[in-house]
Amino acid sequence: MHVIPPAWGLSSIGPFCLKLEAHLRMIDVPYRNVVDATPFKGPKGKLPWIEHEGRKIGDSGFILEYLTQRFGRDPDAALSPAERGVATAFRRLLEENLYWTLVYDRWLVEANWPLTKQTVLGLIPAPARVVVAPFARRGVRRQLAGHGIGLHSREEIHAIGRRDLGALADFLGAKPFLMGDAPSSIDAVAYGLLANIAFAPVRSPLKDEIAARANLTAYLSRMRDRYFA
Ligand SMILES: N[C@@H](CCC(=O)N[C@@H](CS)C(=O)NCC(=O)O)C(=O)O
């Protein structure tokens with residue numbers, strides 16, 4: 001499994017990489033992490049990607065589908081069609097919307113930029129990093145604008161992120177896991193992203209929002225104790 005580097009007590013500081021790792025632990029399939037300095041070697045030009053039995057597979061969503069078929073272990077097997085629908089909708093909220101607020105905080109908030117350079121780009125040798133970092137940052141700025149979220153003000157972006165976190169917290173309520181008593185694949189998605197907001201020393205109102213919601217902090221501890229103790 002090719003991932004972006006570990007840091008801050010997280011085995012990967014890429015939300016999609018940590019998601020995949022949590023999922024592999026959930027279905028109890030052994031793996032080995034290969035830390036890549038850049039995402040470009042993978043089949044989709046993004047991390048994570050996996051190599052298994054001579055195949056290279058990119059995109060955490062496709063990798064999860066492959067794992068389900070190849071190993072016959074589906075943490076969502078007990079979910080009803082309606083529950084699957086809700087889980088898919090939350091997955092999109094997390095991966096296609098909230099994720100970009102994390103990207104914004106890490107890459108575009110000036111106070112966080114030195115830390116991001118040092119960790120996310122930390123495996124690029126220092127002389128090359130001086131050249132690569134501004135290019136990478138410009139690329140991320142373009143991605144955020146292309147998504148649309150990057151066109152908003154900082155306050156608006158954080159309001160959007162807080163609303164997503166609120167929806168997730170309200171849906172979780174007093175349940176131990178998002179879909180009930182047992183963990184399912186949406187918990188791996190949520191953990192990968194929320195742990196990367198909550199446990200990273202990146203300044204962000206979204207981190208404060210998680211800290212202010214007791215059920216979300218308890219949920220993160222529950223997931224961490226269960227899969228990353
Ligand atoms: N849809 C992809 C998203 C993966 C993704 O965005 N990975 C980030 C790191 S967490 C990445 O490689 N970013 C580099 C880039 O976009 O150039 C998945 O589920 O794997």
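The values are calculated or read from the model by the stated rules, or taken from the named source; none is laboratory data. On a predicted model such as this, the values are computed, not experimentally measured, just so you know. Cβ placement follows ideal geometry from the backbone for every residue including glycine, while neighbour counts extend to all protein chains displayed. Please note that ligands, DNA and RNA were not included when accessible areas were found on the heavy atoms of the full protein model with its side chains. Shrake-Rupley method; radii C 1.70, N 1.55, O 1.52, S 1.80 Å.
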>> Give me the percent relative contact order of the chain, please, defined on Cα pairs under 8 angstrom at least 6 residues apart.
In response: 26 percent
> Among the listed pairs 41/207; 56/175; 41/117; 44/117; 46/175; 19/207, which are separated by more than 25 Å between their Cα atoms?
Replying inline: 41/207; 56/175; 46/175
> Under a 5 Å amide H to amide H cut-off, with H placed in plane at 1.01 Å, what residues pair with residue 34 once short-range neighbours are removed?
Replying inline: 2, 3
> With the other protein chains left in place, how much accessible area per residue, in square angstrom, belongs to region 23-153 at a 1.4 angstrom probe?
Replying inline: 55 Å²
> Can you list the HN-Hα couplings for region 21-37, worked out from phi with the Karplus curve (6.51, -1.76, 1.60; θ = phi - 60°), rounded to whole Hz and with x for Gly and Pro?
Replying inline: 5, 4, 5, 4, 6, 4, 9, 6, 10, x, 8, 10, 7, 10, 8, 9, 6
> For region 168-208, treating each Cα as an identical point scatterer without solvent, what Debye log10 I(q)/I(0) comes out at q = 0.23, 0.26, 0.31, 0.34 1/Å?
Replying inline: -0.80, -0.91, -1.04, -1.11
> How far apart, in nm, are the 7 Å Cα→Cβ label points at residue 74 and residue 226?
Replying inline: 1.9 nm
> region 63-202: percent of C-alpha pairs farther apart than 28 Å?
Replying inline: 32 percent
>> Using only the alpha-carbon atoms, what does region 25-87 span along each of its principal axes? Please give whole angstrom values in decreasing order.
In response: 40, 23, 18
